[in-house]
Amino acid sequence: MSLIASTLLSSPYKSYTYAYPHKTAYRPFSPRRLSEVWQQQNRRALFLYLHIPFCEMRCDFCNLFTTVNTSATLVTDYLDALERQVQQTKYDLGESNIVQMAIGGGTPTYLKPAELQRLYQIIDLFNVDYVTVPTSVEVSPATATRDRLSILAEYHTQRVSIGIQSFVESEVKSVGRPQRNAKVFQALDAIRHSSIPVLNIDLIYGLAHQTPQSWLFSLQTALTFAPEELFLYPLYVRPLTGIGLSGKSWDDERFELYQLGRDYLLAHGYQQVSMRMFRRCHTLAGQGEYCCQNDGMLGLGCGARSYTEQLHYSSEYAVGQEGVRSILQHYIRRERADFAYVNYGFQLDLDNQRRRFIIQGLLRSAGLSLSLYRQRFASDVLQDYPQLLALFPAGLAQQRDSSITLTSLGLAYSDAIGPWLYADEVVHQMDSYELT
């Protein structure tokens, strides 16, 4: 193993780099008007994300902003607050265009059918063209019911993502999830009999009692439903999650399981999009006008994050139930005018804008476009960040034409390469963050 590969693997930040800067780098700042924050941002191609922070149960590995055992009153109050936020945000942003949308959580389909209909009525305030705007919604085995799916189909949802994690009941039970395959198969059949064209299945490797044989069984079972996409997640032990509080760690042999899953999917007609994401060849999944490196993301709902070129902002973050409930109570008490201001997030200077661009491109199989980087920043990426050159002799990356792409080995090390590119300031903020 090369020195750079060894260094990357020893990084304390081996975790899913799904956004940069990480949410634990966010901090309070003096209130800023929403209209001013978005004034300089191109609003012609926005990603709209809505967060529903409710689940029927909380898995031991989950560090998302969500809560369980929710009363009907809290759900109603939450949707009321979300409507006020949407009204104010629509007013402050002025003319804008939504080109892609996702509803996540939590579990959005935790909402009852009437509540789900109301959610779409709230979204209607943005005049979303559901026929042309690719929309993804997260569901769970317990909530992917025909009545809910029919509502999603009514609004032309293109993609549903369902977290199965494993088709071996003892494996999901080990992370606090009393899931039965009968319910899972019922949900998957319902999705496949709906008119929603793209199915994504999430699986986890590194679970307790999992073997290469049982991991292969889960992969084989998943493919019987011919999903257009699969995400393969390693089990990470995060603070204040059920596993984190238990002191357990099941890290051994995860790399072998990753390789097994990758090779199996590649051999069965899937393309690797990133370390985690695999897409069946010749599908329409993933097509749209939105570019995460250049376009803004508008996050609405408690726990959602918004991205402009220079400022990322959100509500505060917690994992423990007491912290989540406290933040939720503050959110539902806000009046419409309160949503005209933001006061928690991270201001991106030029260095962090560049790093974000690099990470968002490099960690996907399409790679980092040198020409797009030059067009955006009027400079050369290898001169700005010469440490990238170390990836080439290590066999982790290669330069082809006008892009830098990770090799198969590099994609496998994505969870170390991403944090390796974090700015010192971001690392310091993450190190000093106190999670509640």
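Quick look at the numbers
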quantity: Condition broken by T67, with the remaining ones in (1) within 16 Å of R118 (Cβ to Cβ); (2) touching a Pro at 6+ places or on another chain (Cβ under 9 Å); (3) of a type in the set (S, T, N, Q) satisfied; calculated: (1)
quantity: Of all residues in the range 374-410 being among the aliphatic types (A, V, I, L, M) and either outside the structural domain of W420 (by TED's automatic domain parsing) or within 23 Å of H22 (Cβ to Cβ) (or both), the one that is surrounded by the fewest Cβ atoms within 10 Å (Cβ to Cβ); calculated: A390
quantity: The one condition in (1) surrounded by 16 or more Cβ atoms within 10 Å (Cβ to Cβ); (2) assigned to a helix (DSSP H, G or I) that S371 fails to fulfil; calculated: (1)
quantity: Number of the exception - P134 against (1) touching a helix residue (DSSP H, G or I) at 6+ places or on another chain (Cβ under 8 Å); (2) under 23 Å from N200 (Cα atoms); (3) not hydrophobic (A, V, I, L, M, F, W, C); calculated: (1)
quantity: The listed residue being under 24 Å from the mean Cα position of the chain (by Cα) and either within 14 Å of A144 (Cβ to Cβ) or small (G, A, S) (or both), out of A182, A187; calculated: A187
quantity: Per-region count, the range 310-331, residues surrounded by fewer than 18 Cβ atoms within 10 Å (Cβ to Cβ) and assigned to a helix (DSSP H, G or I); calculated: 7
quantity: Criterion: buried (at least 21 other Cβ atoms within 10 Å of the Cβ) and either in a loop (DSSP other than H, G, I, E, B) or touching a residue at least 40 places away in the same chain (Cβ under 8 Å) (or both) - qualifying residue of V75, V86, V99; calculated: V86
quantity: Residue match in the range 65-72 (condition: closer than 14 Å to L111 by Cβ, of a type in the set (A, V, I, L, M, F, W, C) and part of a helix (DSSP H, G or I)); calculated: yes
quantity: Matching residues in the range 400-436 - criterion: being assigned to a loop (DSSP other than H, G, I, E, B), under 29 Å from L257 (Cβ atoms) and more than 20 Å from the chain's Cα centre (by Cα); calculated: T407
quantity: Residue in the range 346-359 that is at pLDDT 95 or above and closer than 21 Å to Q272 by Cβ present; calculated: yes
quantity: Matching residues, the range 350-368, being assigned to a loop (DSSP other than H, G, I, E, B) and surrounded by 15 or more Cβ atoms within 10 Å (Cβ to Cβ); calculated: L363, S365, G367
quantity: Any hit, the range 343-358, residues being farther than 30 Å from P386 by Cα and not assigned by TED's automatic domain parsing to the domain that holds S414; calculated: yes
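The values are calculated or read from the model by the stated rules, or taken from the named source; none is laboratory data. It should be emphasised that the depicted structure is a prediction, and the values quoted were computed from it without experimental measurement. Cβ atoms come from the backbone with ideal geometry, glycine included; neighbour counts cover every protein chain shown.
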